[in-house]
1. What FRET efficiency comes out for residue 95 versus residue 67 if R0 is 25 angstrom and r is the Cβ-Cβ distance? Round to the nearest 0.05.
2. If I model a spin label at residue 163 and residue 207 as a point 7 Å from the Cα along the Cα→Cβ vector, what separation in nanometres do I get?
3. Please work out the ratio of the alpha-carbon Rg of region 35-78 to 2.2 N^0.38 Å and round it to two decimals.
4. Run a plain Debye calculation on region 39-169 (Cα atoms as equal point scatterers, no solvent) and give log10 I(q)/I(0) at q = 0.22 Å⁻¹, rounded to two decimals, same order as the q list.
5. Quick one: if you stick a label point 7 Å off each Cα along the C-beta vector at residue 180 and residue 195, how many nm between them?
């Protein structure tokens, strides 16, 4: 118990520059937070599906699952966040020995502001830029009977690439659960967990046509990473109290 008390006192002295006959006021709270999210994305595939239909292929779905990880940094109510998300693959069986697959990933950065900031609850809107890299892939899945056929029979694999950036607007609502500090933890640091939901919409700035091997075919379909999404979020973080002596 004595060692724990001494450690707590030394943390306070090191962080605040202790002076005799002073009183403490909290001047700034900082939060470092990591979230993991499982989500649903609805995206417009109309141009891609029109192109597939013209070639006698079945359309791709417009609903996708996402898996994401994000890192946030709050200074009082102001948020800075980075995010990485996977657009989980979606397969459609086409002609015999062929299928199509759509997948990709995004990298984003956003700023937000906590309109509601309470010990057990937080609500904040955010705005950011999301760069996306997605791919429509045509896979040859026909059977191979021997090595001779594998090496000497052409395989019809190809892909169309779509990359650009979108404007990301949304709001996040989260419940905060305070965790008990270990006896060796500095009392200025408070750990917590969060559970919540993130609702948003991606807005495309313009037309984005497909490329193959860096070149754009004349009749290339368009795709813009645009549409609504929702994510269920679970996270962990640390609240850092920056103390000021007066």
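1. Values: r = 30 Å, r/R0 = 1.21.
In this case the efficiency is close to 0.25.
2. Here the answer is 2.2 nm between the modelled labels.
3. Values: Rg = 17.5 Å, N = 44, 2.2 N^0.38 = 9.3 Å.
So region 35-78 has a normalised radius of gyration of 1.89.
4. After summing over all Cα pairs, the log10 values are -1.27.
5. Spacing of the two 7 Å Cα→Cβ label points: 2.0 nm.
Every read-out reported here was derived from the displayed coordinates using simple, explicitly stated rules and does not represent laboratory data. Quick caveat, the model's predicted, so the values are computed rather than measured. FYI the Cβ positions are ideal-geometry reconstructions off the backbone, even for glycines, and counts take in every protein chain you see.
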